[in-house]
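Q: What follows is a single structure, and I will ask about it in a moment.
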Amino acid sequence: MSLAKGIVFEAKRYWSPVGKAAPPDSLPDVSRFGNDGTFTTAPDWVQLSSGLWVMDFVAASNELVTVGDIGTARTLVFWLKPDSTTESILEELAATGITCSSSSMVYGSWDNCFVNGVDTNTMTTAWQHVAVTSTTDVTMSAFRLGLVDTTYLDGMLSLVRAFLYELSQDAINKIYAAERAYFGV
């Protein structure tokens, strides 16, 4: 799969036995584009029982990862465990991004949403695999994790990827199936 100029945070990159490795102090882009994320205020790192390190954002602390201009994308994929069903998750343009409002994903720049491989926008507070797709390019000129406009995320976020093309539901399901064990799903 061809990746956009986006952040790619892979489980295997930070897979380790519990207590054997510390998480990174920035969010490295492991794609070939090298658009590392910088922390304005770093989220806490939590290691899941699978060994995967995930970012735990606390809204009151204004925790944020800024990547900046990564060009365009047609698919965003990430894992999310929000503390509530109303959260700001990530921004692709200044003040425009993906949120969750009253258990429903809001993804204005995108055409479709898949949660755990299903064509739906319904969210809970459990770990969920989220993919948003578009048939046209979505401008990602102010890509930030943990904030939309002035509202910060309360919750955990991991394995964020941007793709240059629209992934099919089958491709999204393959990613979900390959990664779900990391999150106990």
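The values are calculated or read from the model by the stated rules, or taken from the named source; none is laboratory data. Here the structure is a predicted model, which means the values were calculated and not measured. Cβ sites come from the backbone with ideal geometry, for glycine too, and all protein chains shown count toward neighbours. Calculation scope for accessible area: heavy atoms of the full protein, side chains included, ligands and nucleic acids excluded. Shrake-Rupley method; radii C 1.70, N 1.55, O 1.52, S 1.80 Å.
Q: Please pick out the residue among 176, 152, 165 that is touching a residue at least 60 places away in the same chain (Cβ under 8 Å), among the hydroxyl-bearing types (Ser, Thr, Tyr) and closer than 20 Å to residue 37 by Cβ.
A: Within the list 176, 152, 165, the selection yields 152.
Residue-by-condition table, conditions (1) in a loop (DSSP other than H, G, I, E, B); (2) open to solvent by less than 10 Å² (accessible area, probe 1.4 Å):
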{"position": "125", "(1), (2)": "yes, no"}
{"position": "130", "(1), (2)": "no, yes"}
{"position": "134", "(1), (2)": "no, yes"}
{"position": "156", "(1), (2)": "no, no"}
{"position": "159", "(1), (2)": "no, yes"}
{"position": "162", "(1), (2)": "no, yes"}
{"position": "165", "(1), (2)": "yes, no"}
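Rundown of residues vs (1) more than 15 Å from residue 148 (Cα to Cα); (2) part of a loop (DSSP other than H, G, I, E, B); (3) touching a Ser or Thr at 6+ places or on another chain (Cβ under 8 Å); (4) without any contact (Cβ under 8 Å) to a residue 24 or more places away in the chain, yes/no style:
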| position | (1), (2), (3), (4) |
| --- | --- |
| 45 | yes, no, no, yes |
| 51 | yes, yes, yes, no |
| 75 | yes, no, yes, no |
| 88 | no, no, yes, no |
| 92 | no, no, yes, no |
| 109 | no, yes, yes, no |
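Conditions (1) charged (D, E, K, R); (2) open to solvent by 10 Å² or more (accessible area, probe 1.4 Å); (3) at pLDDT 95 or above; (4) within 13 Å of the chain's Cα centre (by Cα), marked per residue:
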site	(1), (2), (3), (4)
81	yes, yes, yes, yes
84	no, yes, yes, no
92	yes, no, no, yes
98	no, no, yes, yes
108	no, yes, no, no
112	no, yes, yes, no
116	no, yes, yes, no
119	yes, yes, yes, no
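Q: Which of (1) outside any loop (DSSP other than H, G, I, E, B); (2) under 26 Å from residue 60 (Cα atoms); (3) touching a residue at least 40 places away in the same chain (Cβ under 8 Å) is the odd one out, the single condition residue 105 does not satisfy?
A: (3)
Q: For residue 138, indicate whether it is more than 13 Å from residue 72 (Cα to Cα) and either without any contact (Cβ under 8 Å) to a residue 24 or more places away in the chain or buried (at least 17 other Cβ atoms within 10 Å of the Cβ) (or both).
A: For residue 138, the condition - more than 13 Å from residue 72 (Cα to Cα) and either without any contact (Cβ under 8 Å) to a residue 24 or more places away in the chain or buried (at least 17 other Cβ atoms within 10 Å of the Cβ) (or both) - is not met.
Q: If you don't mind, there's one more thing I want to ask. Identify, by number, the condition in (1) closer than 22 Å to residue 172 by Cβ; (2) open to solvent by 10 Å² or more (accessible area, probe 1.4 Å) that residue 68 doesn't meet.
A: (1)
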